[in-house]
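Notes follow the structure.
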Amino acid sequence: MFFWITIVIVLIFDQGTKLMVKTTMSLYESIPLIPNIFHLTYIENPGAAFGLLANQRVFFIVITTIILLAVIYFYKQLKGPHLLLRIALGMVVGGALGNLVDRVRMGTVTDFFDFRIWPVFNIADSAIVLGMIYISYQLLFRGEEF
């Protein structure tokens with residue numbers, strides 16, 4: 001249950017914030033919230049993190065679909081409560097779906113969080129990274145059986 005709720009929450013926040021940015025800002029507009037540290041900068045990213053593999057839309061759609069199916073399969077194999085793991089998996093799926101929706105609809109992903117020392121990113125990216133950090137920690141350092 002928490003897995004599915006997390007997916008929906010991440011997807012709603014991701015798509016909602018992207019819609020707000022797209023309807024209130026111009027492409028490449030940057031609004032300093034903390035000057036030289038944190039800005040809202042509206043870009044459309046045609047690639048992956050750091051702009052890698054730009055304009056490989058079909059590749060990203062296929063890879064994302066495969067990853068989504070693998071994560072959902074792993075989720076279905078879980079035994080026991082593992083509440084935080086289920087939430088982390090939901091974050092990964094919700095984030096992947098958020099970026100997949102952008103790629104299917106527009107061919108690019110809307111990004112806007114700009115810390116000036118890191119590539120511009122969005123809520124979906126954040127959810128994927130945070131979810132994967134927790135999953136990696138559990139697998140690598142806790143050695144838990146799932």
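Values quoted throughout were computed directly from the atomic coordinates according to the rules given, and no laboratory measurement underlies them. All of these numbers come straight from a predicted model, not from anything done at the bench. Quick reminder, even Gly has a Cβ in these numbers, built from the backbone with ideal geometry, and neighbours come from all protein chains shown.
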**Complete:** Scanning region 103-143 for residues that are in contact with a helix residue (DSSP H, G or I) (Cβ under 7 Å, 6 or more places away or on another chain) and touching a residue at least 60 places away in the same chain (Cβ under 8 Å) gives Gly107, Thr108, Val109, Thr110, Phe112, Pro119, Asn122, Ile123, Ala124, Asp125, Ala127
**Request:** All but one of (1) within 10 Å of the chain's Cα centre (by Cα); (2) within 16 Å of Thr65 (Cα to Cα); (3) surrounded by fewer than 17 Cβ atoms within 10 Å (Cβ to Cβ) hold for Val93, so report the exception by its number.
**Result:** (3)
**Request:** Could you list all residues from region 41-80 that are closer than 18 Å to Ile123 by Cα and among the charged types (D, E, K, R)?
**Result:** Glu44
**Request:** Report, by residue number, each residue of region 41-71 that is assigned to a helix (DSSP H, G or I), without any contact (Cβ under 8 Å) to a residue 40 or more places away in the chain, surrounded by 14 or more Cβ atoms within 10 Å (Cβ to Cβ) and touching a helix residue (DSSP H, G or I) at 6+ places or on another chain (Cβ under 8 Å).
**Result:** Thr64, Ile67, Leu68, Val71
**Item:** Condition met for Ile7 (crowded, with 17+ Cβ neighbours inside 10 Å, part of a strand (DSSP E or B) and in contact (Cβ under 8 Å) with a residue 24 or more places away in the chain)
**Value:** no
**Request:** Would you be able to tell me the number of residues in region 18-40 that are more than 12 Å from Val120 (Cβ to Cβ), in a helix (DSSP H, G or I) and either in contact with a Ser or Thr (Cβ under 8 Å, 6 or more places away or on another chain) or not hydroxyl-bearing (Ser, Thr, Tyr) (or both)?
**Result:** 4
